[in-house]
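First the structure, in the form of structure tokens, and then the observations on it.
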Amino acid sequence: MTERETTRLVAWSQELRRVHHRLRDALSVTRASLADGTPGEAATRELLLYCHGFCAALDRHHQGEDRTLFPAIAAAHPQLRPVLRSLEQDHSMIAHLLGGLREAVDRAAPPDELDRHLEGVAALMENHFRYEERQLLTVLETLELAAGAEEMLGPL
């Protein structure tokens, strides 16, 4: 692949919205699995699958932003460094909440406890996504980056 092919203008704002939408959907499926309340081993396995998949996807999304996207934005728009620091702090808090959720799922916590974990993740994640979109979408519409969207934003 040539340098010209790898260096392209990408509609990063659209990619970010798409990733956020998929993560919201994954959380919704996870919560629906818990709300279904089907007792038994099959329901527990399904919830484990959804929770672990969602947690891994959200972690990868934030790691990509922290490692690749945010440094590129900071270099092109130094005035946004305070915004990026705030978003990185959110990533840390969300990672902590996801750790608590994983632990609760792994020990087969009762549904009401799992729902509290999911509610906490959902609230912080939604606030974070909305703030990120308000602060960065315009910048992302003009950002030229060499990396691929999955490297920057996690699984698409």
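The values are calculated or read from the model by the stated rules, or taken from the named source; none is laboratory data. None of these values were measured; they are calculated from a predicted model. Cβ placement follows ideal geometry from the backbone for every residue including glycine, while neighbour counts extend to all protein chains displayed.
Quick check on the range 103-119: of everything there that is touching a helix residue (DSSP H, G or I) at 6+ places or on another chain (Cβ under 7 Å) and surrounded by fewer than 17 Cβ atoms within 10 Å (Cβ to Cβ), which residue is modelled with the highest pLDDT? Applying the filter and picking the extreme gives GLU113. Sort through VAL83, VAL19 and tell me the only one that's among the aliphatic types (A, V, I, L, M), within 17 Å of ARG130 (Cβ to Cβ) and modelled with pLDDT of 85 or more. Residue meeting the stated conditions: VAL83. Screening the range 34-80 for residues that are at pLDDT below 80 and not in a helix (DSSP H, G or I) and picking the one that is nearest to ARG24 (Cα to Cα) gives GLY37. Looking across HIS117, HIS61, one residue alone is closer than 16 Å to ARG17 by Cβ and in contact with a Gly (Cβ under 8 Å, 6 or more places away or on another chain). It is HIS61.
In this structure, GLU88 does not qualify as free of Cβ contacts under 8 Å to residues at least 60 places away in the same chain and exposed (fewer than 13 other Cβ atoms within 10 Å of the Cβ). For ARG31, the criteria (1) more than 20 Å from VAL121 (Cα to Cα); (2) surrounded by 13 or more Cβ atoms within 10 Å (Cβ to Cβ); (3) modelled with pLDDT under 80 hold in every case but one, which is (1).
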